[in-house]
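The values are calculated or read from the model by the stated rules, or taken from the named source; none is laboratory data. Please read all numbers here as calculations on a predicted model, not as lab measurements. Neighbour counts are summed over all protein chains in view; Cβ atoms, including those assigned to glycine, are modelled from backbone coordinates with ideal geometry.
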Amino acid sequence: MATTDELLANNRSYAESFDLAHLAGEPAKRVAVLACMDARLDPAKFLGLHDGDAHVIRNAGGVATDDAIRSIVISQRLLGTEEIVLVHHTGCGMQTFTDDTLKDAVEAETGIRPSFAFESFRDAESDVRQTAARIKASPFVTHKNVRGFVYEVETGRLREVELD
């Protein structure tokens, strides 16, 4: 069975006991989480979130790309979130390459150089600060209540990063 078929079977089991009645359209905790997409991270588990509690926005590195900021703007302006939690992590794959190296490799293989930034970084804490600064500088983000963390994949603990 293909992995997608297995996932669909899991969804059928989930849907059998699904109850929409307890879910509101707005996140109950009024928080948006921007986290790395790394499969070792489960923000709902390590933050104790349940269905309907928060918006969880994920991308490679958990960086404040235009699309991540777009999602935060929608989350705040239309759905009532007021806090932003940033989560990077130890051992992130974004620390293993540079944008130019990956762009060169993609261009060599496809003949087309990517126009977008991959947003690689050397240090998770520094990038949490940069991500927070981008969000705070955005004129579109109304609530600037941002806190940043590095998730330690070795221990499951969050380490807060001083932003200011």
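When you scan segment 12-35, do you find a residue that is within 24 Å of V153 (Cα to Cα) and of a type in the set (V, I, T), even just one? Checked segment 12-35: at least one residue is within 24 Å of V153 (Cα to Cα) and of a type in the set (V, I, T). Within segment 133-145, the set of residues being in contact with an Asp or Glu (Cβ under 9 Å, 6 or more places away or on another chain) and not β-branched (V, I, T) comprises H143, N145.
Within segment 23-35, is there a residue that is of a type in the set (D, E), surrounded by 11 or more Cβ atoms within 10 Å (Cβ to Cβ), in a loop (DSSP other than H, G, I, E, B) and within 13 Å of the chain's Cα centre (by Cα)? Taking every residue of segment 23-35 in turn, none turns out to be of a type in the set (D, E), surrounded by 11 or more Cβ atoms within 10 Å (Cβ to Cβ), in a loop (DSSP other than H, G, I, E, B) and within 13 Å of the chain's Cα centre (by Cα). Among the residues making up segment 144-162, a single one is among the aromatic types (F, W, Y) and within 14 Å of I84 (Cβ to Cβ): F149.
When segment 30-69 is examined, which residues are found to be over 28 Å from G91 (Cβ atoms) and at pLDDT 95 or above? Within segment 30-69, R30 is the sole residue that qualifies. Kindly evaluate T142 against the criterion of being surrounded by 17 or more Cβ atoms within 10 Å (Cβ to Cβ), touching a residue at least 24 places away in the same chain (Cβ under 8 Å) and assigned to a loop (DSSP other than H, G, I, E, B). So T142 fails the test.
Please verify whether D104 is more than 17 Å from P43 (Cβ to Cβ) and surrounded by 12 or more Cβ atoms within 10 Å (Cβ to Cβ), treating the condition exactly as stated. The answer is yes for D104. Number of residues in segment 44-81 that are under 19 Å from A117 (Cα atoms), touching a strand residue (DSSP E or B) at 6+ places or on another chain (Cβ under 6 Å), assigned to a helix (DSSP H, G or I) and not hydrophobic (A, V, I, L, M, F, W, C) equals 3. If I ask for residues that are in contact with a helix residue (DSSP H, G or I) (Cβ under 7 Å, 6 or more places away or on another chain) and either over 17 Å from A64 (Cβ atoms) or modelled with pLDDT under 95 (or both), which ones from segment 97-121 would you list? Residues satisfying the conditions are R113, P114.
Only residues that are closer than 22 Å to L41 by Cβ, surrounded by fewer than 16 Cβ atoms within 10 Å (Cβ to Cβ) and either touching a Gly at 6+ places or on another chain (Cβ under 9 Å) or among the acidic types (D, E) (or both) were counted in segment 145-164, giving 6. Hey, does segment 107-119 have a residue that's without any contact (Cβ under 8 Å) to a residue 60 or more places away in the chain and surrounded by 15 or more Cβ atoms within 10 Å (Cβ to Cβ)? For segment 107-119, residues without any contact (Cβ under 8 Å) to a residue 60 or more places away in the chain and surrounded by 15 or more Cβ atoms within 10 Å (Cβ to Cβ): present.
In the set (1) assigned to a helix (DSSP H, G or I); (2) farther than 19 Å from A133 by Cβ, the condition left unmet by G91 is number (1).
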